[in-house]
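The values are calculated or read from the model by the stated rules, or taken from the named source; none is laboratory data. Bear in mind the structure is a predicted one, so any value in this text is a computation, not a measurement. FYI the Cβ positions are ideal-geometry reconstructions off the backbone, even for glycines, and counts take in every protein chain you see.
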Amino acid sequence: MDEGRSTATLTRPQILVKEATKSFSGRVVVDVEELLLGKRSIEGLIGPNGAGKTTLMRMIMHSTPLDGGEIEFIQTGQNENSVVVLSDLPTHRMAGLGVVKSNQVIMDFNKLTIWDSLLLACSETKYEQPHRIFSERSVYRRHKDEVRAWLDFFPFADPTGFAQSAGEKKLLDIVRCLLLKPRFLLLDEPAAGLSNELTAKVMEAIKFLSDGGTTVVVVEHDLSLVWNICERVHFMAEGQVLLQGEPDEIRKHSTVIEKYLGKGHVAG
Amino acid sequence: MEFFTESIVIGLTQYAPLILSAIGLALIYRLTGLINVAYSETITLGAYIGMWINTTFGFGFYATLLPTGIASGLLSVATYLAIFRPAKQRNAGVLEMIIISFGLSIFLRHGLQFVFGYPVRFYEVPRPRVIRVFDVGVTTFRLLALVSVVVIALLIYWIVQRSRLGLQIRALASDEDLAQVSGIRPLFVTVLIWFIAGAAGGLAGAFWGVGSNVAPLLGWRQFLFIFLVVMVGGAKNIGGVIVIGAITGVALAAMTLHFGQVLYAQLALIVAFVVFMKLRSSRSVGAGKV
Amino acid sequence: MNLDWLDAFLLQGIFQVVMVLGLALLLHLQMGLARIANFGVVGFWGLGAYAFAVLFVKVDWSIGEPWPFLISMAFGAAVAGVAGLLVGWLIADLETEGVLVGTLGFATSVWILAVTEQELTGGALGMGGLRFPFDIGKTKANELLWFGILFAVVALIFYYVFRVHRSPYGRLVIAVGDNEPLAGSLGKPAFRTKLWLFAVGSAGMGLLGAIHGVMAHLLIPESIGINVTLAAMVGLVLGGMARVWGAVIGVILAVGIFDVVVQSYLPLPRSWYTQAIPVLREMIFGATLIAVLIIKPQGILGDMRRDKLTRRMHGG
């Protein structure tokens, strides 16, 4: 390794999945021997329905426990790497490490407005204590600019109200993730349910984050999006990672992909 | 050794109604996922109905059992059709359903006093014979309670686990839409379950009532323990409830003998079961949604 | 001061209304916001009352008033709070049924201990020796002053709950109650949040219990039964579980009607008051719970209006 050479390049965190398995009712849903996410700044995870992509994402977040194996979070420091075993931690510790995931299905706080949701994401734990009943003003002052910046960038009909459509809820989920200032961002089908313009904006935000040093992994069915933005792609089917490589390499394996996803995806 | 046999004999005969009512509550819990707090009033009203038939028509205790069971079953079905089904149709959440059942329990427990009066009532029956089982004195009523529990438990076990009807019940419990598509009639099966559960509860109440007295709090006083047995025995199958119920009865009897006071036994049971539930939940982390 | 105009029953009734209001406000935080099904309210209330009483009466205090009284009051709240921490730890990661049985089991345990530990609590006969920390004249005057103190405490509880809604903490509690896994994915420690919320609420309930004990002058196990929990729950559900003012409206309507209007103002035959009225009260409370939750589950005041609140706090 290059010792001592101070790099102007950004350190980029990675996630290593080691021999991770998960079964539901006797059926093996995930069986990944080794998967390194984060070699490139924006990576894609593709595969047919039921391939285990979402389950794998949930295992990384440890909201789904692993039947076997381990998942590590590797942050490259100046002289050494620090490794945190994610599969030993509870889900609520992930955000503190900078590991954040958006949701494939609509997940929202029905009782909170859009501003509420976003302030909730930003708010530090020290203000969210039973005795801090006058801290709203401090939290608002600290975070209103970054919240407003995202509210200006993404169109919400009424940010002081509730998210109105499924699309707005999806978008809100993504913006919450962005406000957590993730170092490793997992997006589970971010384009599903969004219009083309909104999808383009989400892609812009992804690029913005990755330029800032965040590793992004996108699970997507819309392959044109994947070929467009991802520098590296992993192809999963039946719980296993079958192919990995740059988009061009993956597209060469058209027969494999078409076997699972049907025709017409490879040309892109 | 004597302590051991005494605990088992007393435990099983005295707490047979506990096992019976736990089976009933578990049936409803298993089918609907609902903890029906008003089930304690099914028990209480079973005792009142049996007592009423006994004192009004002069039937002997054993003769009141069949009408008591039927009446309690019908009452249980009535609460389902009048309260719980409409609530479910309006998409009441889990918390709301529990509070509704709690409200119903309170309503019945106090409403019955306007029908049957405030004072404590009694079955009018001759003193039961005392039979010695393993040298422990047991009343014939309690022996009959135990026999009835065994018979009914076996019957219900056979129905739920082995019969075609049981298959329908279990299918309905796991996936209602799928069950309906397969031709199972949810309403019929559900009503049947509520009837059986109600009958079981009512009979348990009758056995409790004939052994001591019939009072508005009869069922409620037992509810916590019935509930604990159902939670620990597991909603997975009726067998677990029966086993845990039997163990609970014996443990309560043993502790009561040891402490000389039933309340300490109850306290120990509450603590033990709640801690057990906590340990069991810590170990199992479900499939996540995020 | 001439207090002949003040009917003793009326004062008792209003005292009860405000007491239940305090409990309902705390239950609003636990059940209305964090969705913790606390069916053991009376357990914490009773534990606070008995803990206060035991320390105040059974200990041979060498320091002068009002310190034994104040220390005993704080002790009552503290014991209830610690119990809340313990019970909270047991139930915070259980499903709703588990919370129901855990909290109900706790309340039953408190009742059992009140009966069995006769040396400490006087058992079924009760524990006396509780008196006001002051004496300003006739009984009615003392009771009125003590009611004033209760009112001040409940007003403080109201203010706290009011502020919680407008603070980051409140937002967190609502989020945890609304969608716990999602809150976890944002890094929020849901278990810890529910645990401390439960403990703080329990301490408040314990304090209210101690205040009740002083007014009642005699603590008996019979008074720590499920009807106290029921009254708070009915008031909260009737007015609106998710609204601060819900507790106020609901409790005034439900408990106020029975403990004030029916008790003091309706000209009913005296014999009815011993049995019929109390039984009818519970029966109607039960029916109210069923009716509200089936017909309009959010209660009279309806759901939380956080859009209005957001606009008011952070502008359009």
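Quick one: in region C:1-44, which of the residues that are of a type in the set (D, E, K, R) and either touching a residue at least 12 places away in the same chain (Cβ under 8 Å) or surrounded by 24 or more Cβ atoms within 10 Å (Cβ to Cβ) (or both) is nearest to C:Arg243 (Cα to Cα)? Give the steps one after another, and end with the answer.
Residues of region C:1-44 that are of a type in the set (D, E, K, R), as a first pass: C:4, C:7, C:35.
From what's left, either touching a residue at least 12 places away in the same chain (Cβ under 8 Å) or surrounded by 24 or more Cβ atoms within 10 Å (Cβ to Cβ) (or both): C:7, C:35.
Working: C:Asp7: 33, C:Arg35: 13 Å.
Ranking the qualifying residues of region C:1-44, first place goes to C:Arg35.
Quick one: which residue in C:Val161, C:Val153 is more than 7 Å from chain A (Cβ to nearest Cβ) and crowded, with 19+ Cβ neighbours inside 10 Å? Give the derivation first.
Numbers: C:Val153 fails: crowded, with 19+ Cβ neighbours inside 10 Å.
After applying the criteria, what remains is C:Val161.
Does region C:193-215 contain at least one residue that is assigned to a helix (DSSP H, G or I), aliphatic (A, V, I, L, M), farther than 16 Å from C:Arg35 by Cα and within 14 Å of chain A (Cβ to nearest Cβ)?
For region C:193-215, residues assigned to a helix (DSSP H, G or I), aliphatic (A, V, I, L, M), farther than 16 Å from C:Arg35 by Cα and within 14 Å of chain A (Cβ to nearest Cβ): present.
Would you point out the residue of region A:136-174, among those that are within 11 Å of chain C (Cβ to nearest Cβ) and among the aromatic types (Phe, Trp, Tyr), that is surrounded by the most Cβ atoms within 10 Å (Cβ to Cβ)?
Only one residue tops the list, namely A:Phe162.
For region C:55-89, what are the residues that are of a type outside the set (Phe, Trp, Tyr), surrounded by 22 or more Cβ atoms within 10 Å (Cβ to Cβ) and either touching a Gly at 6+ places or on another chain (Cβ under 7 Å) or away from chain B (no Cβ under 14 Å) (or both)?
C:Ser72, C:Met73, C:Gly76, C:Ala77, C:Val79, C:Ala80, C:Gly81, C:Gly84, C:Val87
Which members of region C:284-316 meet the condition of being facing another protein chain (nearest Cβ under 7 Å), under 12 Å from B:Ala92 (Cβ atoms) and part of a loop (DSSP other than H, G, I, E, B)?
Across region C:284-316, the qualifying residue is only C:Pro297.
Which condition number in (1) under 24 Å from B:Ala268 (Cα atoms); (2) among the aromatic types (Phe, Trp, Tyr); (3) more than 10 Å from every other protein chain (Cβ to nearest Cβ) is the one that C:Phe106 fails?
Exception for C:Phe106: condition (3).
Quick one: in region C:92-103, of everything that is more than 8 Å from chain B (Cβ to nearest Cβ) and part of a helix (DSSP H, G or I), which residue is farthest from C:Met127 (Cα to Cα)?
By that ranking, first place goes to C:Val99.
Checking B:Ile184 against (1) at pLDDT below 75; (2) not in a loop (DSSP other than H, G, I, E, B), only one condition comes out false. Which one?
(2)
Here are the criteria: (1) hydrophobic (A, V, I, L, M, F, W, C); (2) in contact with a strand residue (DSSP E or B) (Cβ under 9 Å, 6 or more places away or on another chain); (3) at pLDDT below 90. Tell me which single one B:Leu34 does not satisfy.
With (1) hydrophobic (A, V, I, L, M, F, W, C); (2) in contact with a strand residue (DSSP E or B) (Cβ under 9 Å, 6 or more places away or on another chain); (3) at pLDDT below 90 applied to B:Leu34, the lone miss is (2).
Which condition from (1) free of Cβ contacts under 8 Å to residues at least 24 places away in the same chain; (2) outside any helix (DSSP H, G or I) is the one that B:Leu34 breaks?
Here B:Leu34 meets the rest and fails (1).
A quick yes/no check of all residues on (1) without any contact (Cβ under 8 Å) to a residue 60 or more places away in the chain; (2) away from chain B (no Cβ under 14 Å); (3) closer than 30 Å to C:Gly315 by Cβ; (4) not acidic (Asp, Glu):
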residue	(1), (2), (3), (4)
A:Ala51	no, yes, no, yes
A:Met59	yes, no, no, yes
A:His62	yes, no, no, yes
A:Glu70	yes, yes, no, no
A:Val83	yes, yes, no, yes
A:Thr91	yes, no, no, yes
A:Lys126	yes, yes, yes, yes
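Of all residues in region B:214-238, which are over 15 Å from B:Ala16 (Cα atoms) and of a type in the set (Gly, Ala, Ser)?
B:Ala215, B:Gly233, B:Gly234, B:Ala235
Only one of these conditions is not met by C:Asn227: (1) away from chain A (no Cβ under 14 Å); (2) surrounded by fewer than 22 Cβ atoms within 10 Å (Cβ to Cβ); (3) in contact with a His (Cβ under 8 Å, 6 or more places away or on another chain). Which number is it?
Only one criterion is unmet by C:Asn227, namely (3).
Could you give me the residue pairs with C-beta distances under 7 Å whose first residue belongs to region C:176-189 and is more than 7 Å from every other protein chain (Cβ to nearest Cβ), whose second residue is in a loop (DSSP other than H, G, I, E, B) and at pLDDT 95 or above wherever it lies, and which are 6+ apart or on separate chains?
Listed by first residue and then by second, the contacts come to C:Val176/C:Ala34; C:Val176/C:Lys188; C:Gly177/C:Ala34; C:Gly177/C:Arg35.
Listed residues B:Ala246, B:Ala272, B:Ala254; which is in contact (Cβ under 8 Å) with a residue 40 or more places away in the chain, surrounded by fewer than 19 Cβ atoms within 10 Å (Cβ to Cβ) and out of contact with any Asp or Glu (no Cβ under 8 Å at 6 or more places or on another chain)?
Working: B:Ala246 fails: surrounded by fewer than 19 Cβ atoms within 10 Å (Cβ to Cβ); B:Ala272 fails: in contact (Cβ under 8 Å) with a residue 40 or more places away in the chain.
Answer to the check: B:Ala254.
Six or more apart or on different chains, Cβ under 9 Å: which pairs go from a residue in region A:246-260 that's under 19 Å from A:Glu43 (Cα atoms) to one that's acidic (Asp, Glu)? Could you list them?
A:Glu246/A:Glu231; A:Pro247/A:Glu231
Report yes if some residue within region B:233-243 is crowded, with 16+ Cβ neighbours inside 10 Å, touching a helix residue (DSSP H, G or I) at 6+ places or on another chain (Cβ under 9 Å), without any contact (Cβ under 8 Å) to a residue 24 or more places away in the chain and more than 14 Å from chain A (Cβ to nearest Cβ); otherwise report no.
The answer is yes; a qualifying residue exists.
Restricting attention to region B:38-87, and to residues there that are in contact with a helix residue (DSSP H, G or I) (Cβ under 8 Å, 6 or more places away or on another chain) and outside any helix (DSSP H, G or I), which single residue is surrounded by the fewest Cβ atoms within 10 Å (Cβ to Cβ)?
For region B:38-87, the residue satisfying everything is B:Gly60.
Can you name the strands (runs of 3 or more DSSP E) wholly within region A:1-101 that have at least 1 residues being under 18 Å from the mean Cα position of the chain (by Cα) and at pLDDT below 90?
A:68-76
Would you mind stating whether B:Leu81 is of a type outside the set (Ser, Thr, Tyr), over 21 Å from B:Leu224 (Cα atoms) and at pLDDT 95 or above?
yes
Identify the single condition in (1) farther than 17 Å from B:Ser105 by Cβ; (2) surrounded by fewer than 24 Cβ atoms within 10 Å (Cβ to Cβ); (3) in contact (Cβ under 8 Å) with a residue 40 or more places away in the chain that B:Phe207 does not satisfy, given that it satisfies every other one.
(2)
Matching residues to (1) at pLDDT 90 or above; (2) under 14 Å from the mean Cα position of the chain (by Cα); (3) at positive phi:
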{"position": "B:Thr139", "(1), (2), (3)": "no, no, no"}
{"position": "B:Ala145", "(1), (2), (3)": "no, yes, no"}
{"position": "B:Ile159", "(1), (2), (3)": "no, no, no"}
{"position": "B:Gln168", "(1), (2), (3)": "no, no, no"}
{"position": "B:Val189", "(1), (2), (3)": "no, no, no"}
{"position": "B:Trp194", "(1), (2), (3)": "yes, yes, no"}
{"position": "B:Gly198", "(1), (2), (3)": "yes, yes, no"}
{"position": "B:Ala206", "(1), (2), (3)": "yes, yes, no"}
{"position": "B:Pro216", "(1), (2), (3)": "yes, no, no"}
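Pick out the one residue from C:Val251, C:Val261, C:Val237, C:Val173 that is surrounded by fewer than 21 Cβ atoms within 10 Å (Cβ to Cβ) and either under 16 Å from the mean Cα position of the chain (by Cα) or assigned to a helix (DSSP H, G or I) (or both).
The unique qualifying residue is C:Val261.
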